[in-house]
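Q: The following block contains the structure, expressed as structure tokens.
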Amino acid sequence: MRSSVSYLKSLRDGRTVFVAGTRVDDVTAVPNFQPILSTLCAIEDDGGASWSRATDPAFALTLPTTPRELAERGAASGALAAVSSGFLGRLNDYTLSYLLDLCSLREILSRAQPDAPSRIEAFLDHCRVRQPLVAHAISHPQVDRRRGSRENGALRVSAITPDGVVLDGARMVATLAPLANELLIAPFGLYAADDSDLVLMCVVPLNAQGLSMHVRPLDAAPGDPLAVLDEPDATVRFDHVFVPHARVFLCGDVAGANDLFTHSTPLAYLAALTRAQVRVDFIAAVGHAVLEAIGAAEFPQNKTVLGDAALELLSIRALLQCALDQSAWDPARACWSPSMPYLLAGLLKVESVAKGLTRLISEHAGSGVLMRLDPGVRSEGPEWRALEQIARGPGLSGAAKAALLRLAWSVALGPIGTRQLLYDRYAFGDPFSLRAYLGRRHDWSSGAALLDRALARSGSPLS
């Protein structure tokens, strides 16, 4: 495994990054990046930790061929998620799994582009050797959603040469891209017949000439306890960026892109739900601790609130476990695959549960959050001692309660916590479409048989 020293060195590669409208010469020296860089460096250096398999390309880029190997992938992602309380969603356990999902669809890829599977496999070999941090850019710009993607400045293939393709336009929501090494561009949504120039799947080094990253506002305040988990997102602009054919896996084939889009990425979704389950457990623990810190956990109404929270947490765990228990051999991918309906149901459930838990925190922390002690102030004088007595909680010093309430503020109301809530809702697609998909895929037959039997007994069968 590479070290943090080599990781930081890899980021000093002449890339073009703008923070607050100003180009930075060295992303490793940007003050707002220091907290998250400390976390990423710790992950790079802890190669012997129990969770290191999740980001080890030798493990992450190997298709599971048994239920046990599939379960081991989930366990590795869960252990890695615990390092960040489930807040870092685009580490290599997700992005490498996403690449592996795409690579496993060899037949579909080869129909669109015969040498695509070998090209992806060559890039996976590059990842096994060089161990880059891989980011991906999800969506098209949304200037005016009534207009087409091309009119809104979407990334497109502006030229094809004997050696490669030339890209112009933009992609958005490139999470962690300013601090990553490679950028994956994959098909996004379904394409119309005249969208061939928008169809693209490739990998681009993030220091490519003509590529620039524009980082979203970094709103975390100094001292925010979640700043070490704040993944920077960026809009990525392409100005005549050249990509050699060896790194292009799909280009111009509308039918191939649409076929690919209809197939899920189950290994990536397994990593995503595993991480999300860790995060909602963490948020629930913060909410429970806040109720304890203000002496309200034993109030009858709050016992019910905590019971409801436990019920929701158990449902997410059950859906994750069912995704593994109902896994099956996927002959198209030649691997063991988790059940996608359970994974999607779990991710949809996370969105509502996380929102409810943050509301619990904001409703019960109340004035305690607003008027907590300033943890930066320390004094031995009588005024401080009196204030400490006022600010303490059951079994907690005023300083300890202040630290808890500061964390609660960040989780429920701060920029990092609220960003995660937005991701819960849209990171895996339109939630309304996902619900409709579950409705279409659900097996209604067992209930329908019972209904037919009941109606037959009444003499009014449906058929």
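Q: For residues that are in contact with a helix residue (DSSP H, G or I) (Cβ under 7 Å, 6 or more places away or on another chain), of a type in the set (Ser, Thr, Tyr) and either surrounded by fewer than 17 Cβ atoms within 10 Å (Cβ to Cβ) or not assigned by TED's automatic domain parsing to the domain that holds residue 228 (or both), tally how many sit in region 39-82.
A: Residues in region 39-82 being in contact with a helix residue (DSSP H, G or I) (Cβ under 7 Å, 6 or more places away or on another chain), of a type in the set (Ser, Thr, Tyr) and either surrounded by fewer than 17 Cβ atoms within 10 Å (Cβ to Cβ) or not assigned by TED's automatic domain parsing to the domain that holds residue 228 (or both): 3 in total.
Q: State yes or no: is residue 262 more than 30 Å from residue 330 (Cα to Cα) and of a type in the set (S, T, N, Q)?
A: Spelling it out, it is not the case that residue 262 is more than 30 Å from residue 330 (Cα to Cα) and of a type in the set (S, T, N, Q).
Q: Report whether or not residue 2 is among the basic types (Lys, Arg), touching a residue at least 60 places away in the same chain (Cβ under 8 Å) and under 30 Å from residue 113 (Cα atoms).
A: Working: among the basic types (Lys, Arg): yes; touching a residue at least 60 places away in the same chain (Cβ under 8 Å): yes; under 30 Å from residue 113 (Cα atoms): no.
Taking the combined requirement at face value, the residue does not satisfy it.
Q: Yes or no: residue 32 closer than 27 Å to residue 407 by Cα, among the polar types (S, T, N, Q) and not assigned by TED's automatic domain parsing to the domain that holds residue 252? Break it down into steps so the answer makes sense when it comes.
A: Values: closer than 27 Å to residue 407 by Cα: yes; among the polar types (S, T, N, Q): yes; not assigned by TED's automatic domain parsing to the domain that holds residue 252: no.
Criteria not met by residue 32.
Q: Evaluate the following for residue 139: is it in the same structural domain as residue 39 (by TED's automatic domain parsing), among the hydroxyl-bearing types (Ser, Thr, Tyr) and in contact with a strand residue (DSSP E or B) (Cβ under 6 Å, 6 or more places away or on another chain)?
A: Details: in the same structural domain as residue 39 (by TED's automatic domain parsing): yes; among the hydroxyl-bearing types (Ser, Thr, Tyr): yes; in contact with a strand residue (DSSP E or B) (Cβ under 6 Å, 6 or more places away or on another chain): yes.
So residue 139 fits the description; yes.
Q: Another question, if that's okay. Which one of these is assigned to a strand (DSSP E or B), in contact (Cβ under 8 Å) with a residue 40 or more places away in the chain and closer than 16 Å to residue 235 by Cα: 172, 201?
A: 172
Q: Tally up the residues in region 14-52 that are of a type in the set (Asp, Glu) and either under 23 Å from residue 129 (Cβ atoms) or in contact with a strand residue (DSSP E or B) (Cβ under 8 Å, 6 or more places away or on another chain) (or both), please. Before you say what the answer is, go through the steps one by one.
A: Within region 14-52, the first condition is being of a type in the set (Asp, Glu), and the residues that meet it are 25-26, 44-46.
Then drop every residue that is not either under 23 Å from residue 129 (Cβ atoms) or in contact with a strand residue (DSSP E or B) (Cβ under 8 Å, 6 or more places away or on another chain) (or both), which leaves 44-46.
Total meeting the criteria: 3.
Q: Which condition number in (1) crowded, with 20+ Cβ neighbours inside 10 Å; (2) out of contact with any His (no Cβ under 6 Å at 6 or more places or on another chain); (3) at pLDDT below 95 is the one that residue 217 fails?
A: Here residue 217 meets the rest and fails (1).
Q: Now a separate question. Those residues that are within 18 Å of the chain's Cα centre (by Cα) and surrounded by 16 or more Cβ atoms within 10 Å (Cβ to Cβ), I need them from region 394-420; list them, please.
A: 411, 415, 416, 417, 419, 420
Q: Still on this model: Just for region 86-110: of the residues that are among the small types (Gly, Ala, Ser), buried (at least 20 other Cβ atoms within 10 Å of the Cβ) and in contact with a helix residue (DSSP H, G or I) (Cβ under 7 Å, 6 or more places away or on another chain), which one is nearest to residue 428 (Cα to Cα)?
A: Taking region 86-110 as the starting set, the residues that turn out to be among the small types (Gly, Ala, Ser) are 86, 89, 97, 104, 110.
When the remaining residues are screened for being buried (at least 20 other Cβ atoms within 10 Å of the Cβ), the result is 86, 89, 97, 104.
Within this subset, residues satisfying the condition of being in contact with a helix residue (DSSP H, G or I) (Cβ under 7 Å, 6 or more places away or on another chain) are 86, 89, 97.
On the way: 86: 16, 89: 12, 97: 15 Å.
This residue is 89.
Q: Right, here's the next one. Within region 288-298, identify whether any single residue is within 22 Å of residue 275 (Cα to Cα) and touching a helix residue (DSSP H, G or I) at 6+ places or on another chain (Cβ under 9 Å), and answer yes or no.
A: Yes: one or more hits.
Q: Sticking with this one: Out of all the residues in region 239-252, is one or more hydrophobic (A, V, I, L, M, F, W, C), under 20 Å from residue 180 (Cβ atoms) and assigned by TED's automatic domain parsing to the domain that holds residue 403?
A: No, the conditions are met nowhere in region 239-252.
Q: Then there is this: Scanning region 117-167 for residues that are part of a strand (DSSP E or B) and small (Gly, Ala, Ser), which turns out surrounded by the fewest Cβ atoms within 10 Å (Cβ to Cβ)?
A: Checking each candidate, the answer is 159.
Q: Checking residue 11 against (1) crowded, with 20+ Cβ neighbours inside 10 Å; (2) touching a strand residue (DSSP E or B) at 6+ places or on another chain (Cβ under 7 Å); (3) of a type in the set (A, V, I, L, M); (4) more than 27 Å from residue 428 (Cβ to Cβ), which single condition isn't satisfied?
A: Status for residue 11: all satisfied but (2).
Q: Also, quick follow-up: For region 98-121, check the following and say yes or no: at least one residue is under 14 Å from the mean Cα position of the chain (by Cα) and not hydrophobic (A, V, I, L, M, F, W, C).
A: Looking through region 98-121, at least one residue is under 14 Å from the mean Cα position of the chain (by Cα) and not hydrophobic (A, V, I, L, M, F, W, C).
Q: Moving to a separate point now. Could you grab me the full set of residues in region 386-431 that are assigned to a loop (DSSP other than H, G, I, E, B) and closer than 17 Å to residue 366 by Cβ?
A: 392, 394, 413, 414 - these are the residues of region 386-431 that are assigned to a loop (DSSP other than H, G, I, E, B) and closer than 17 Å to residue 366 by Cβ.
Q: Can you name every residue in region 330-347 that is out of contact with any Leu (no Cβ under 8 Å at 6 or more places or on another chain) and assigned to a helix (DSSP H, G or I)?
A: Across region 330-347, the qualifying residue is only 340.
The values are calculated or read from the model by the stated rules, or taken from the named source; none is laboratory data. Note that the structure is a prediction, hence the values are computed from the model and not measured. Quick reminder, even Gly has a Cβ in these numbers, built from the backbone with ideal geometry, and neighbours come from all protein chains shown.
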